[in-house]
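Notes follow once the structure below has been shown.
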Amino acid sequence: MSEISDVVDLVLVLAGNIADSPDDEQRANYKTYGLTVVDRLLRTFPTEPNLHYARGYLLYSTAVALQESLQPALLSLTNALSWKPDHQFARFYRAAARFLENDYRAVLEDLNALDYQYFTDIDLRWRAVKGMELSACCYGYLGQAEDFQRSVRLLCRELAFRPDEDDLIEPNELAKCLLAVHLDGSLDGVEVPLAREVENCISQNDWPTLPALTAIRDISVDPGSCHSRLSAGDQ
């Protein structure tokens, strides 16, 4: 089983290299090498969930970096969950991939089954917070105002704690969602007071200045400017 662990660790490192590399050709090389290694071992251990997860995460990282289809990643992550339904990493990244595919109801199915405490217990609290952020956004995009308000307020409780640098994940998706529902008017204005609550939580806890937080602050302080900027950008 040490061979499986070694290959999983290698493939996860390659996936990280793909995310960090600025060179598309190098990214493609990392992907090819990673798939060669993991697929060779999958022929021997076809039911090993960690191998399917590693393959899925590699493909997810490549798809995000190179703007490729997420379907191969989703297939591998689903295979991992078919052999181990409580594989938390596979479920988290399947939710993330489904979110990028705008499959919000499926995202909620995954996130509602996610064990958030698991990530906190292994010092990866940022994944739990990111899962809460994606969940809130799904409710916003689906027009479920009450669930959106409830989940954003739960997220606020987490954002009220200034994260360590390793856990500092910018709430980009929340900023995009608040702006989107504000511009289309689908939630009857609930997003403006919610943006104020988020901004108040963060401003009290010495967060650095981040673009997403600036966007949230704009919605909370001067929502009319969001319409103006969008109109100017469309000209």
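The values are calculated or read from the model by the stated rules, or taken from the named source; none is laboratory data. Remember, it's a predicted structure, so these values are computed and weren't measured experimentally. So basically every Cβ, Gly included, is an ideal-geometry build from the backbone, and we count neighbours across all protein chains shown.
Of the helices (runs of 4 or more DSSP H) that lie entirely inside region 165-235, those containing 3 or more residues that are at pLDDT 80 or above and under 20 Å from Met132 (Cα atoms) span 172-184, 191-203. When region 9-59 is filtered for residues that are in contact with a His (Cβ under 7 Å, 6 or more places away or on another chain) and not hydroxyl-bearing (Ser, Thr, Tyr), only Pro49 remains.
Test Leu74 against the stated conditions and say whether it is more than 12 Å from the chain's Cα centre (by Cα), among the hydrophobic types (A, V, I, L, M, F, W, C) and under 28 Å from Gln117 (Cβ atoms).
Working: more than 12 Å from the chain's Cα centre (by Cα): yes; among the hydrophobic types (A, V, I, L, M, F, W, C): yes; under 28 Å from Gln117 (Cβ atoms): yes.
Here the answer is yes, as Leu74 does meet what is asked.
Residues in region 152-164 that are within 18 Å of the chain's Cα centre (by Cα) and either at pLDDT 80 or above or assigned to a helix (DSSP H, G or I) (or both): Val152, Leu154, Leu155, Cys156, Glu158, Leu159. Within region 127-150, is even one residue more than 15 Å from the chain's Cα centre (by Cα), buried (at least 20 other Cβ atoms within 10 Å of the Cβ), of a type in the set (A, V, I, L, M, F, W, C) and at pLDDT 90 or above? Yes, because at least one residue in region 127-150 is more than 15 Å from the chain's Cα centre (by Cα), buried (at least 20 other Cβ atoms within 10 Å of the Cβ), of a type in the set (A, V, I, L, M, F, W, C) and at pLDDT 90 or above.
Scanning region 29-48 for residues that are touching a residue at least 24 places away in the same chain (Cβ under 8 Å) and farther than 15 Å from Ala73 by Cβ yields Val37, Leu41, Phe45, Thr47, Glu48. Filtering region 27-53 to residues that are more than 24 Å from the chain's Cα centre (by Cα) and not β-branched (Val, Ile, Thr) leaves Asn29, Tyr33, Asp39, Arg40, Leu41, Leu42, Arg43, Phe45, Pro46, Glu48.
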